[in-house]
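Here's the structure we're looking at; comments come further down.
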Amino acid sequence: MDWFRHLKIAPKLLAAFGAVILLILVLAFSAYRAINSLNAVTAEISERWMVELSTAQDLKATLAEYRLQTFRLVLRTSEEARQAAKGDIENTKLTFEDLLATLEASARDDKAREGLAQVRKDWSEYTANTDEVISAYEMGFTDEALDMFLAENRQKYEGVAEDIASMVNAGLTGSTAAREAACMFRPDQHGRV
């Protein structure tokens, strides 16, 4: 180390500036890698999880709307209100089918596909049961139709709702894992949104 003391000031300054530039390059490279990784995680959250969660929430809302429109049919109302409810039911049913097809097209793994297949199966059973309730009402069995709506039809509805809730929970788990992966780059920001 004695040789370093005997150097002139110019080589010492060059060595110091060289060390600083080397540190800056290492820091820039590590920051670049961290930003790219963070960008990938952010893209996964925004392009996958948020879209899937939003669509699943829309599916849940459409299911509730379908139930409400069906209830309008089994109430003792005017024929115009019943016809309007029938039209709304068909539109809501188509919306549900479209949202479900969107989720099925974007399913990325077998678990998601199985969950969506269960939703579709339970949805088919629910709509078939709803058709039976409507048919019973239209044949004049109003009290029986209301009883069917409040008992068996409600159970079918709750089955579909539980399937959708499971999908939403799985989406929340996935988005939380992606968020935690993003937080590893800034440990001081863990838990902050």
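The table below lists the values:
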| item | result |
| --- | --- |
| Potential extension, E138-R76 segment - 0.36 nm per residue separation minus Cα distance | 21.2 nm |
| V51 versus L14: modelled label distance in nm, points set 7 Å from Cα along the beta carbon direction | 5.6 nm |
| Hull volume in cubic angstrom per residue (convex hull over the Cα atoms of the stretch 42-104) | 60 Å³ |
| By average C-beta atoms within 10 angstrom, highest first, the peptides 13-21, 129-137, 36-44 | 129-137, 36-44, 13-21 |
| For the stretch 61-106, accessible area per residue (1.4 Å probe, heavy atoms of protein chains only), Å² | 53 Å² |
| Near-label residues of the stretch 50-84 by backbone N, under 11 Å of a point 7 Å along Cα→Cβ of N91 | 84 |
| Solvent exposure of the stretch 1-47 as accessible area per residue, Å², 1.4 Å probe | 89 Å² |
| Summed residue charge, Cβ within 15 Å of A16's Cβ, Lys/Arg positive, Asp/Glu negative | +3 |
| Tail fraction, Cα-Cα pairs, the stretch 1-153, threshold 21 Å, whole percent | 65 percent |
| Calculated FRET value between L68 and L38, using beta carbons and R₀ = 30 Å, to 0.05 | 0.10 |
| Around R120: net Lys/Arg minus Asp/Glu count, Cβ-Cβ under 12 Å | -4 |
| D98 versus F29: modelled label distance in nm, points set 7 Å from Cα along the beta carbon direction | 5.2 nm |
| Loop-resident sites, the stretch 14-78, for trypsin sites (Lys or Arg not before Pro), counting at most 13 other Cβ within 10 Å (DSSP) | R76 |
| Gain upon complete extension [E152, D58; 0.36 nm per residue less C-alpha separation] | 31.4 nm |
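The values are calculated or read from the model by the stated rules, or taken from the named source; none is laboratory data. All of these numbers come straight from a predicted model, not from anything done at the bench. All Cβ positions, even for glycine, are placed from backbone atoms using ideal geometry, and neighbour counts span all protein chains on display. Remember, those area values only see protein heavy atoms, side chains included, never the ligands or the DNA or RNA. Shrake-Rupley method; radii C 1.70, N 1.55, O 1.52, S 1.80 Å.
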